[in-house]
1. For segment 261-287, give me the residue count where each residue is without any contact (Cβ under 8 Å) to a residue 40 or more places away in the chain, surrounded by fewer than 17 Cβ atoms within 10 Å (Cβ to Cβ) and farther than 16 Å from Gly14 by Cβ.
2. All but one of (1) away from the ligand (no atom under 16 Å from the Cβ); (2) open to solvent by less than 30 Å² (accessible area, probe 1.4 Å) hold for Asp79; which doesn't?
3. Of these, Ala179, Ala189, which one is buried (at least 21 other Cβ atoms within 10 Å of the Cβ), within 14 Å of the ligand (Cβ to nearest atom) and of a type in the set (Gly, Ala, Ser)?
4. Output the number of residues of segment 92-109 satisfying the condition of being away from the ligand (no atom under 16 Å from the Cβ) and either under 21 Å from the mean Cα position of the chain (by Cα) or among the small types (Gly, Ala, Ser) (or both).
5. Hey, among Val391, Val368, Val360, which residue is surrounded by fewer than 24 Cβ atoms within 10 Å (Cβ to Cβ), hydrophobic (A, V, I, L, M, F, W, C) and under 23 Å from Glu328 (Cα atoms)?
6. Among the candidates Gly144, Gly131, Gly152, Gly156, which residue alone is at pLDDT 95 or above, more than 20 Å from the chain's Cα centre (by Cα) and more than 9 Å from the ligand (Cβ to nearest atom)?
7. Please work out which residue is farthest from the ligand (Cβ to nearest atom), limiting yourself to segment 290-312 and to residues that are touching a Leu at 6+ places or on another chain (Cβ under 7 Å) and part of a helix (DSSP H, G or I).
8. Given the criteria closer than 23 Å to Glu253 by Cβ, open to solvent by 10 Å² or more (accessible area, probe 1.4 Å) and not in a helix (DSSP H, G or I), does Gly10 qualify?
Amino acid sequence: MDSIVVRGNGPLKGQIPIAGAKNACLTLMPATLLSEEPLTLTNAPRLSDIKTMSELLASLGAEVSSLQEGKVLAMSSHDLDNHVADYDIVRKMRASNLVLGPMLARLGQAVVSLPGGCAIGARPMDLHIHGLEALGAQIELKDGYLHAKAPGGLKGAQMKLAFASVGATENILMAATLAKGTTVIENAAREPEIVDLATCLRAMGAQIEGDGTPRIEVQGVDRLHGATHPVVADRIELGTYMLAPAICGGEVECLGGRIELVAAFCEKLDAAGISVEETDTGLKVARRNGRVRAVDVTTEPFPGFPTDLQAQMMALLCTAEGTSVLEEKIFENRFMHAPELGRMGASIEVHGGTATVHGVEKLKGAPVMATDLRASVSLILAGLAAEGETVVNRVYHLDRGYERLEEKLGNVGAQIERVRSS
Ligand code: UD1
């Protein structure tokens, strides 16, 4: 398995282009299943998770072509000939469960293996199931697969999610576009990826209002047509690269970044003493003087501080002046990076969903192990600021979520290289 070697070497300077959002693309791709006509996505990120979703869609009978070196995905679901999403593909990535709603709406049936993905907690699917059942689906769990059918078609319904789950909102929203009548989803997730999905579905002819608020209303239509849609910028990749100059010093402009994608995160950067400036082309981040200050962080659904930036923020706070408290409210097992950061000299105590970080002056390079996608990149960020060499092992998770990471960081002056396993 590949590893990444990082050497701490001081301030960074330059520009980093931000790719299209992995999490948006992974929900936009299954939307192709809703229509017989082609759906084309531009600004797609080049990631292994996107390949996994392409494989899954192809296994259902969709055609997926990757054009312009993967930046454009041309998809057609004219002839779907399979309604079973197999364990062998689904286990690689939890987002595979997003084919459930569209398949059910288009074909009236779907069999989907329970998913895998990052090992960051239980991540059940009860909210997806209850929502689709409210639309009239009958769903049973047999042999690790969800067997769903809607013999008389789906019917619009009013529902309130017990938690504003991103995936459940996406699955229900896609299914509701082809249901008969009106669907209202209350306590819906408000993430920018939901707004991006709704924008794409509207371009395909869906009637949706209220995306980006806790109440989404959908008027079902008989069919959706083709469309071309640009994928929104990746706010998690953006936040990750904003942390690079925050940790190492220097000044980096993240091209394509927008404040409204990362507003809660920017507030915390400001409190830590990092400056963020909006430019015509993106967000410019700088740390000019001394150590950063400790700040407390609680993860929340959007517009709160994103759980997907908690590990990277922790890497910054390891060398802050003072003590920071990080509370993880979305996933119950998301501090696996803490002991690895400890190997680099960080002082972190974890009790349940709370991590207390006592800032130290300097981290020291060490061999560390990547445990999940965002944990992996937090170790790379920490390595950029540590004395000596850090070797991050088991980096396959990184390739799921960060395209050309070594190149993007190398271009702003980081010393980082991939060591390929033989
Ligand atoms: C999505 C993102 C992921 C991000 C997460 C929270 C994608 C592909 N992944 O994941 O990167 O970390 O949002 O912002 O978009 N839950 C239930 N029952 C359910 C569904 C969820 O209890 O049916 C719980 C989960 O266990 C978790 C919480 O709700 O504790 C949040 O999950 P959810 O918002 O659904 O996250 P995902 O859509 O899986």
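1. Residues flagged as without any contact (Cβ under 8 Å) to a residue 40 or more places away in the chain, surrounded by fewer than 17 Cβ atoms within 10 Å (Cβ to Cβ) and farther than 16 Å from Gly14 by Cβ within segment 261-287 amount to 6.
2. Of the numbered conditions (1) away from the ligand (no atom under 16 Å from the Cβ); (2) open to solvent by less than 30 Å² (accessible area, probe 1.4 Å), the odd one out for Asp79 is (2).
3. On the way: Ala179 fails: within 14 Å of the ligand (Cβ to nearest atom).
So the residue among Ala179, Ala189 that is buried (at least 21 other Cβ atoms within 10 Å of the Cβ), within 14 Å of the ligand (Cβ to nearest atom) and of a type in the set (Gly, Ala, Ser) is Ala189.
4. First pass over segment 92-109, keeping only residues away from the ligand (no atom under 16 Å from the Cβ): 103, 105-109.
Then drop every residue that is not either under 21 Å from the mean Cα position of the chain (by Cα) or among the small types (Gly, Ala, Ser) (or both), which leaves 105, 108.
Total meeting the criteria: 2.
5. Going through Val391, Val368, Val360 in turn, just one is surrounded by fewer than 24 Cβ atoms within 10 Å (Cβ to Cβ), hydrophobic (A, V, I, L, M, F, W, C) and under 23 Å from Glu328 (Cα atoms): Val360.
6. Working: Gly144 fails: at pLDDT 95 or above; Gly131 fails: more than 9 Å from the ligand (Cβ to nearest atom); Gly152 fails: at pLDDT 95 or above.
Exactly one residue qualifies, and that residue is Gly156.
7. Gln312
8. Working: closer than 23 Å to Glu253 by Cβ: yes; open to solvent by 10 Å² or more (accessible area, probe 1.4 Å): yes; not in a helix (DSSP H, G or I): yes.
Judged against the criteria, Gly10 is a match.
The values are calculated or read from the model by the stated rules, or taken from the named source; none is laboratory data. Computed from a prediction, not measured in an experiment: that's the story for all the values here. Every residue, glycine as well, gets a Cβ built from its backbone with ideal geometry; the counts of neighbours run over all protein chains shown. Ligands, DNA and RNA are stripped out before the accessible areas are found, and what is left, the full protein with its side chains, is counted by its heavy atoms. Shrake-Rupley method; radii C 1.70, N 1.55, O 1.52, S 1.80 Å.
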